[in-house]
Amino acid sequence: MKLVTYLHGGAERVGLLSADGAAVHPLPCPDMNTLIESGDLADIAARAGEPIPLDAATLLAPIPRPRQDILCLGMNYKAHLEEAAGYNAEAFAKEKPVAVYFSKRVSEAVAPEGFIQSHRELVERLDYEAELAVILGKTARNVRASEAGDYIFGYTIVNDVSARDVQTGHKQWYFGKSLDGFTPMGPCIVTADEIPFPPALAISAKVNGEARQSSNTSLLINSIGEVLEEVTAGMTLLPGTIIATGTPAGVGMGFDPPRFLKPGDVVECEIEGIGVLRNTVK
């Protein structure tokens, strides 16, 4: 199934996309977080309403207001690790093959076709990062890597927009990753039953139609199973937790000279089987 959050008739709703993607069936649930936490997706989907043409609705981020910070993986593709170290070895050094974790504050996720805020008064080096995001469907504690797939509700796309000058200047990532308008998400959640685990999906990004990133989620350094096993050994993750698994090579800071975003630029992040997340820098 492909699940969306959308606006129709002035109200925010949760829906199920039709097979052809041209319509959305309203679901009897107040929001996506509640739907995930209910654990009754099949029952709720069976009670879907009459379809509404998708062009009569406005898509929002699938989870517009995450209940917790997004849990993120840094430098989780080898080629991106190398380009990051080339940009700033001190800020992006990774001496051991261990996972790099950080969190990303999200007051409200940016909708598909929404705007990335440039924060020109604060940011000079604005960057993009296409990422596969994993959404948990149940409470996770002491998860074995071999069982990780059982805990996943679905997948979506996140653009981990980053202020590189803020990120490196403060020598930590939280502030430079968490500015308002820095978390485009969508266009939908694809439920876990639609994608074999572990996911091996083509992932890419374009800026103004020019290909920048191109890789596959099978190339993660630290796999989804390994991450869940490690994190949940000491931390309880709740239903609806979003894990951004890292970005491949081809981000703006990886070019020589760097190619950062500017107002008017259009960023398209695409993952096989999920869709395209398209946003404009404002």
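The values are calculated or read from the model by the stated rules, or taken from the named source; none is laboratory data. If you're wondering where the values come from, they're calculated on a predicted model, not measured in any experiment. Every residue, glycine as well, gets a Cβ built from its backbone with ideal geometry; the counts of neighbours run over all protein chains shown. We work out accessible area using only protein heavy atoms, side chains counted, and drop any ligands, DNA or RNA first. Shrake-Rupley method; radii C 1.70, N 1.55, O 1.52, S 1.80 Å.
Observations on the model:
- Put a dot 7 Å past the Cα of Tyr101, heading toward its Cβ, do the same for Glu230, and the two dots end up 0.9 nm apart.
- Modelled FRET efficiency - R0 45 Å, Arg67 with Asp256, Cβ distances, 0.05 increments: 0.65
- FRET efficiency, 1/(1 + (r/R0)^6) with R0 30 Å, evaluated for Ala145 and Glu82 via beta carbons: 0.70
- The chain - mean residue ellipticity at 222 nm from DSSP helices (-39,500 (n - 2.57) per run, n ≥ 4, rounded to 500): -4000 deg cm²/dmol
- A Förster radius of 25 Å, combined with the Cβ-Cβ distance separating Ala211 from Thr280, puts the computed FRET efficiency at roughly 0.90.
- Using θ = phi - 60° and Karplus 6.51 cos²θ - 1.76 cosθ + 1.60, couplings along the range 62-79 (whole Hz; Gly, Pro as x): x, 10, x, 10, x, 7, 9, 4, 6, 8, 10, 9, x, 6, 9, 10, 4, 5
- Label zone at Phe115, where the point sits 7 Å out along the Cα-to-Cβ direction: the range 169-205 residues whose backbone N lies under 17 Å: 179-185
- Convex hull per residue volume in Å³, alpha carbons only, for the range 226-279: 158 Å³
- The residue among Val227, Ile116, Ala200 whose Cα reaches farthest toward the positive pole of the charge dipole of the chain, with charges on the beta-carbon of Lys, Arg, Asp and Glu, is Ile116.
- Near Val106, the amide H atoms lying under 5 Å from its own belong to Ile70; only residues 5 or more places off or on other chains count, and H is placed 1.01 Å from N.
- The chain, accessible surface, carbon-and-sulfur percent (1.4 angstrom probe): 51 percent
- Scaled against 2.2 N^0.38 Å for its residue count N, the alpha carbon radius of gyration of the range 146-282 is 1.10.
- Matching label, percent of Cα pairs over 27 Å apart computed from the structure shown, candidates [x] 36; [y] 53; [z] 44: [x]
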